[in-house]
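Participant: Before anything else, here's the structure in question.
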Number of protein chains: 2
Amino acid sequence: MRVGVFDSGVGGLTVLKALRERFRRIDLVYLGDTARVPYGIRSAETVVRYALECAEFLKEKGVELLVVACNTASAYALETLRRELPFPVFGVIEPGVKRALELSRGKVGVIGTPATVRSGAYQEALSAAGLEVYAKACPLFVPLVEEGLTEGEIARKVVEHYLKELKEKRVDTLILGCTHYPLLKGVISDYMEGVSVVDSSEAVSESVRPFVKDEGNGETELYFTDFSQNLEQAVELILGRPVEPRLAKGVFSA
Amino acid sequence: MRVGVFDSGVGGLTVLKALRERFRRIDLVYLGDTARVPYGIRSAETVVRYALECAEFLKEKGVELLVVACNTASAYALETLRRELPFPVFGVIEPGVKRALELSRGKVGVIGTPATVRSGAYQEALSAAGLEVYAKACPLFVPLVEEGLTEGEIARKVVEHYLKELKEKRVDTLILGCTHYPLLKGVISDYMEGVSVVDSSEAVSESVRPFVKDEGNGETELYFTDFSQNLEQAVELILGRPVEPRLAKGVFSA
């Protein structure tokens, strides 16, 4: 079985890693849209178009199930992708919401990119389940992680800057609604003492389980729309082993 | 006369503003490639392709002179643009270097995006003139400015984080090699006490003077490849007056 995973950049490799740990034999095909990262600052229309092109690329690679590892694309493009594609499509938001419902005693915080928070996708699903929800966009978290500043004074100050409100609201559970954020989990957990932290990316590999037949050659192919600086190091850092990245060509517009 | 200006995003509007202050009657056409911003984290090949497409768009709009307001595009694509286009093309690097040569007593610091610093464009030009050069990439400055954190504790800590080395080297002049950085000029100048700060974007309007005939209708057209959040506010903030942004379509790949 061939399973496709796409994200705006390298962050979604954490989802690929979680899938591989659970399914040893499937073939995994990853697409990171590094030529157009980040998605979280773009318009809804543009995010949908980018997501469709990424899905088309993976369809041509023969995938039979698609995981949208990007929260922003999950928030805006999931319905369109499900309508347009002939195989099951999973986003990261539903699994994250499900996990939060299991953990929360009533007050949930959600953090993500500006586009994810603006979409209201997490807020709607959690409110519909009767929870009190507080959402906050944290635009500096992605660049902070990409710069490797995942601990230390700057990280602590930036985390405090964004999460102060949520702490004052006394949320009991916090959803990390962006694949980059788990890398700041240490600083976030320290600041949000006693709060349950939900990693949407982890939750998705549990959700796809009933749809995956663990058969195949156990191969992993990684494609990126641009070879930016440090790509190979980032891959090795996240996956824990080197996998050669390939250049994705063909179906991408601006 | 129609003059074109392009940048990866809204930052280049500071260049457009400087041009308008100097030339009242020319028609200005601006393109901000907001669907693919930021350029500073992409490969050289991708930056050149994006720059060619932006220039092609402005050529179709009838411009007779082009200012590349983006430092990263200036560093990688200027030669190609000059070869491919039938009118004069100016980047922001040469004017910034020229101004630094006038001000420096021997030791210059250069800050910019990872791609601009990696290109070595500033360093080569300054070294060739016999100056001692220290360059430093500051990837967090652009997101910091876009988040409006241009003063306060986080801005001061991040500025210290990146500029500590340059301060220890005792540079006497510092080139702000990115159109976003002038918005952090207050914090940067405070930290780099006594150092002359050069804004490349300002310097370019002086350089084009001999090539511009100040005739036309004094019109300003702004195009963007994506309408992201807060675009109209950002335009008004930088230009000091509202100008309606238009959507650029047609020649853009990924």
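Participant: Could you tell me which residue out of A:Val5, A:Ala128, A:Leu103 lies farthest along the dipole of chain A toward its positive end? Charges go on the beta carbon: Lys and Arg +1, Asp and Glu -1, centred on the Cα centre.
Facilitator: The residue sitting farthest along the positive end of the dipole is A:Ala128.
Participant: Given a Förster distance of 41 Å, report the FRET efficiency between B:Asp190 and A:Phe227 from their Cβ-Cβ distance, rounded to the nearest 0.05.
Facilitator: Working: r = 38 Å, r/R0 = 0.93.
Rounded to the nearest 0.05, the efficiency is 0.60.
Participant: Using alpha-carbon positions, what is the distance between the centroids of region B:87-118 and region A:143-157, in Å?
Facilitator: 29
Participant: Taking amide H atoms as placed 1.01 Å from N in the peptide plane, list the residues 5 or more away in sequence, or in a different chain, whose amide H sits under 5 Å from that of A:Leu222.
Facilitator: Here the answer is A:Tyr30, A:Arg246, since their amide H atoms fall under 5 Å of that of A:Leu222.
Participant: Then there is this: Bin width 10 Å, alpha-carbon pairs only: give the P(r) of region A:35-162 as whole percents, running from 0 to the bin holding the largest distance.
Facilitator: Pair shares across the bins are 12, 36, 35, 15, 2.
Participant: Could you give each residue of region A:28-41 its phi-based ³J(HN,Hα) in whole Hz, using Karplus coefficients 6.51, -1.76, 1.60 with θ = phi - 60°, and x for Gly or Pro?
Facilitator: Each residue of region A:28-41 in turn: 10, 10, 10, 10, x, 8, 5, 6, 10, 4, x, 7, x, 9 Hz.
Participant: In whole percent, what relative contact order does region B:77-172 give with Cα contacts below 8 Å and a gap of six or more residues?
Facilitator: Computed over region B:77-172, the figure is 28 percent.
Participant: Hey, what's region B:85-214 come to in accessible area per residue, 1.4 Å probe, Å²?
Facilitator: Heavy-atom SASA per residue in region B:85-214 reads 43 Å².
Participant: Let me know the charge dipole size of region A:93-200 about its Cα centre in debye, to the nearest 20, where only the beta-carbon of Lys, Arg (+1) and Asp, Glu (-1) is charged.
Facilitator: Taking the Cα centre of region A:93-200 as origin, the dipole is about 280 debye.
Participant: Using the Kirkwood formula over every pair of different C-alpha atoms, what hydrodynamic radius in Å results for region B:93-200? Please report the intermediate quantities before stating the final value.
Facilitator: Working: mean 1/r = 0.0738 Å⁻¹.
Computed over Cα pairs of region B:93-200, the Kirkwood hydrodynamic radius comes out at 13.5 Å.
Participant: Another question, if that's okay. Using a 10 angstrom cutoff on alpha carbons, build the Gaussian network for chain B and name the most mobile of B:Leu237, B:Leu66, B:Leu81.
Facilitator: Result for chain B, Cα springs under 10 Å: B:Leu237 fluctuates most.
Participant: How high is the relative contact order of chain A? Use alpha-carbon pairs under 8 Å, at least six apart in sequence, and give a whole percent.
Facilitator: Once divided by the residue count of chain A, the mean separation gives 28 percent.
Participant: Another question, then. What residue among A:Phe141, A:Phe23, A:Phe87 has the largest mean-square fluctuation in a Gaussian network model of chain A, using Cα springs under 10 Å?
Facilitator: Of the options given, A:Phe87 has the highest mean-square fluctuation.
Participant: Whenever you get a sec, compute what percent of the accessible area on region B:93-200 sits on carbon and sulfur atoms (1.4 Å probe).
Facilitator: 45
Participant: Can you find, among A:Val145, A:Tyr223, A:Ala55, the residue farthest towards the positive end of the dipole of chain A? Put +1 on the C-beta of Lys and Arg, -1 on that of Asp and Glu.
Facilitator: A:Ala55
Participant: Once the whole set of protein chains is in place, how much accessible area is left on A:Arg118, using a 1.4 Å probe, in Å² to the nearest 10?
Facilitator: We get 100 Å² for A:Arg118.
Participant: Using amide H atoms built in the peptide plane, which far-off residues or other-chain residues are under 5 Å from A:Ser196 H to H?
Facilitator: HN-HN under 5 Å from A:Ser196: A:Thr173, A:Leu174.
Participant: Further, regarding this structure: Tilt of helix B:13-22 relative to the longest C-alpha principal axis of chain B, in degrees (0 to 90, nearest 10)?
Facilitator: Compared with the principal axis, the helix lies near 80 degrees.
Participant: Still on this structure, please answer the following. Kindly express, to the nearest 10 degrees and within the range 0 to 90, the angle between helix A:153-168's C-alpha long axis and the longest C-alpha principal axis of chain A.
Facilitator: Taking the Cα atoms of chain A, the angle to A:153-168 is about 70 degrees.
Participant: Rounded to a whole number, what is D in µm²/s for the protein assembly as shown from Stokes-Einstein with the Kirkwood radius over alpha-carbon pairs (25 °C, 0.890 mPa s)?
Facilitator: 103
Participant: Could you check the spin-label model distance between A:Glu215 and B:Leu247? Points 7 Å from the Cα along Cα→Cβ, value in nm.
Facilitator: 4.5
Participant: A follow-up question, please. Quick one: work out Rg over Rh on the C-alpha atoms of chain B, Rh as Kirkwood radius. Present the calculation step by step, with values, prior to reporting the outcome.
Facilitator: Values: Rg = 17.2 Å, Rh = 18.2 Å.
My calculation of the ratio gives 0.95.
Participant: Which positions within region A:156-187 get 40 Å² or more of their accessible surface covered by the other protein chains, compared to the chain by itself, with a 1.4 angstrom probe?
Facilitator: A:Lys157, A:His161
Participant: Here's a follow-up. Where only protein heavy atoms count, and the probe is 1.4 Å, what is the accessible area per residue for region B:1-57 in Å²? Provide the component values of the computation, followed by the final result.
Facilitator: On the way: 1470 Å² over 57 residues.
Per-residue value: 26 Å².
Participant: Moving to a separate point now. About the Cα centre, and with charges only on the beta carbon of Lys, Arg (+1) and Asp, Glu (-1), how big is the dipole of region B:4-112? Nearest 20 debye, please.
Facilitator: 460
Participant: Using only protein heavy atoms and a 1.4 angstrom probe, determine the accessible area buried between A and B, summed over both sides, in Å² to the nearest 100.
Facilitator: Interface between A and B: roughly 2600 Å².
Participant: Moving on to the next point. Among A:Pro88, A:Pro143, A:Pro210, which one shows the highest mean-square fluctuation when chain A is modelled as a Gaussian network with alpha-carbon springs under 10 Å?
Facilitator: A:Pro210
Participant: Go ahead and run the numbers for FRET between B:Leu101 and A:Lys61, Cβ-Cβ distance against an R0 of 45 Å, rounding to 0.05.
Facilitator: Working: r = 52 Å, r/R0 = 1.16.
For R0 = 45 Å, the calculated efficiency reads 0.30.
Participant: For an R0 of 60 angstrom, estimate the FRET efficiency from the Cβ-Cβ distance between B:Met1 and A:Glu160 and round to the nearest 0.05.
Facilitator: Numbers: r = 51 Å, r/R0 = 0.85.
E(calc), rounded to 0.05, equals 0.70.
The values are calculated or read from the model by the stated rules, or taken from the named source; none is laboratory data. Here the structure is a predicted model, which is why all the values come from computation and not from measurement. All Cβ positions, even for glycine, are placed from backbone atoms using ideal geometry, and neighbour counts span all protein chains on display. Side chains included, ligands, DNA and RNA excluded: accessible areas come from the protein's heavy atoms. Shrake-Rupley method; radii C 1.70, N 1.55, O 1.52, S 1.80 Å.
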